[in-house]
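Worksheet: the structure to be examined is printed underneath.
The values are calculated or read from the model by the stated rules, or taken from the named source; none is laboratory data. Computed from a predicted structure; not experimentally measured. Cβ: placed from backbone, ideal geometry, glycine included. Neighbour counts: every protein chain shown.
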Amino acid sequence: MTVFEADSVPGEAPPADAVAPKDSTADAPTSVARLNITIRDFVARWNTVWVEGEITSWNVRAGNVFARLKDTRSDAQISLRIWSSVRARIPDDLGIGDHVVAAVKADYFVKAGDFSFTVSAMKHVGLGDQLERLEKLRMQLRQEGLFDASRKTPLPFLPHVIGLITGERSDAEKDVHRNAELRWPAVRFRTEYAAVQGDRCVPDTLAALAKLDADPDVDVIIIARGGGDPQTLLGFSDERLVRAVAAASTPIVSAIGHENDHPLLDDVSDLRASTPTDAAKRVVPDVGEQRALIAQLRSRATSRLTQRVSHDIVQLDQLRSRPVLRSPDHIIDARAQEVLLLAARGRDIVTRRIDDAGRRTSELRASLRALSPAATLARGYAIAHLDGGVILRDAADAPSGTPLTLTVDRGSVAVRSEGEIAEGA
């Protein structure tokens, strides 16, 4: 790493007759310059080290920073110098109160006899790194769809049993119970206590969540805490807890009690409440409001039904006042005469058509009889048929000995031909 020795003076060297510090006596003391140069040369051999602490002072002068770093567990402090070239490479949001680690190298300023450390790198640690990891986890979970509104389960209108996960004898527990019972006195709770900060926060909350989610009587679960700083809320952003909440079958309400830096539990839960009191109000309906709403709905229904009945009565009276309903016999009598006339007319038409059809049938029957071969046979004629039923039309087709069938008016006879008879024989 680059080391900046701004206190070094090029070409500076102790006087030739100066006494070395280790050889100094009361009669032959060393000079201040020689002492400071000796200290500087000794310090310059120290390596760069990483040191952790809290920034207690941060002064910017001419682009450079002069700061102080305090130990996190004691009152020990060191002075820091951050030159402008290094400042451009470190986070812009560093300031008093930040928990950081810095790469420092000891530096001794000869002219002023000032001991400090030159910074070559600095970054957030603790909460800063954790918040950065949380943001990355937040982006990952959002890409997986765990924050989508489509997967959130709506809360029941009136839960029979409310599961509550909170600290034992905490103000959050009292707020939830008090406000829920004020709104709906018959509400019932099933409470599981868990540590709401520290190392036990996540495992306790996971165990309580699993127990309440497996209880078929629990209709909704509230995870409540009375607020706190971002460091104490880190447990509610743990990936194990967040994924367990997303996988739960019971609707879950997050009521951590904060407004600014919200944990991931808020994003994945089915409903985020700003405080435990707000959670109680949003989970349990107000019995007074519901009664007022029912009374209002009953009044509206009664008014609407009365209006409808009154309207139908008026319409019925209007219908009954019409002539067709007031005196229906007149219309029936007028229509009855018309029906009789139409029936008589129909009978006449049918009778005429039947007579006409009878005459036409007789005429067709007479014509058919006149044209029928049977009428010719009745006058003494006969029809000769060859084998196969072919009518004999030419005597040449029936030489002597040809079997013939003669059809007369009444029956048929079988004969044989004696051949063609000469004309005039």
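So the values come out like this:
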{"item": "Any hit, region 123-143, residues being part of a strand (DSSP E or B) and over 30 Å from Pro203 (Cα atoms)", "result": "yes"}
{"item": "Enumeration of residues in region 50-73 that are among the basic types (Lys, Arg) and farther than 19 Å from Ala106 by Cβ", "result": "Arg61, Arg73"}
{"item": "Hits in region 107-122 (condition: under 19 Å from Ile55 (Cβ atoms) and crowded, with 18+ Cβ neighbours inside 10 Å)", "result": "Asp107, Ser116, Phe117, Thr118, Val119, Ser120, Met122"}
{"item": "Qualifying residue in region 83-99 (condition: modelled with pLDDT of 90 or more and part of a strand (DSSP E or B))", "result": "no"}
{"item": "Residue match in region 147-161 (condition: part of a helix (DSSP H, G or I) and either farther than 23 Å from Asp215 by Cα or not assigned by TED's automatic domain parsing to the domain that holds Leu265 (or both))", "result": "yes"}
{"item": "Candidate set: region 178-233, residues that are among the aliphatic types (A, V, I, L, M), under 28 Å from the mean Cα position of the chain (by Cα) and assigned to a loop (DSSP other than H, G, I, E, B); chosen: the one surrounded by the fewest Cβ atoms within 10 Å (Cβ to Cβ)", "result": "Ala214"}
{"item": "Only listed residue being at pLDDT below 95, more than 30 Å from Leu141 (Cα to Cα) and out of contact with any Lys or Arg (no Cβ under 8 Å at 6 or more places or on another chain), chosen from Ala279, Ala292", "result": "Ala292"}
{"item": "One residue from Ile37, Ile96 being among the hydrophobic types (A, V, I, L, M, F, W, C), out of contact with any helix residue (DSSP H, G or I) (no Cβ under 7 Å at 6 or more places or on another chain) and buried (at least 16 other Cβ atoms within 10 Å of the Cβ)", "result": "Ile37"}
{"item": "Number of the exception - Arg272 against (1) within 30 Å of Val196 (Cα to Cα); (2) touching a Lys or Arg at 6+ places or on another chain (Cβ under 9 Å)", "result": "(2)"}
{"item": "Residues of region 371-407 satisfying the condition of being polar (S, T, N, Q), touching a Leu at 6+ places or on another chain (Cβ under 9 Å) and farther than 14 Å from Ser417 by Cβ", "result": "Thr407"}
{"item": "Residue selected from region 57-82 under the condition in contact with a Ser or Thr (Cβ under 9 Å, 6 or more places away or on another chain) and assigned to a loop (DSSP other than H, G, I, E, B), by the criterion surrounded by the most Cβ atoms within 10 Å (Cβ to Cβ)", "result": "Gly63"}
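Yes or no, residue by residue, for (1) touching a Cys at 6+ places or on another chain (Cβ under 9 Å); (2) farther than 26 Å from Val408 by Cα; (3) surrounded by 10 or more Cβ atoms within 10 Å (Cβ to Cβ):
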{"position": "Val324", "(1), (2), (3)": "no, yes, no"}
{"position": "His330", "(1), (2), (3)": "no, yes, yes"}
{"position": "Thr351", "(1), (2), (3)": "no, yes, yes"}
{"position": "Arg360", "(1), (2), (3)": "no, yes, yes"}
{"position": "Leu364", "(1), (2), (3)": "no, no, yes"}
{"position": "Arg369", "(1), (2), (3)": "no, no, yes"}
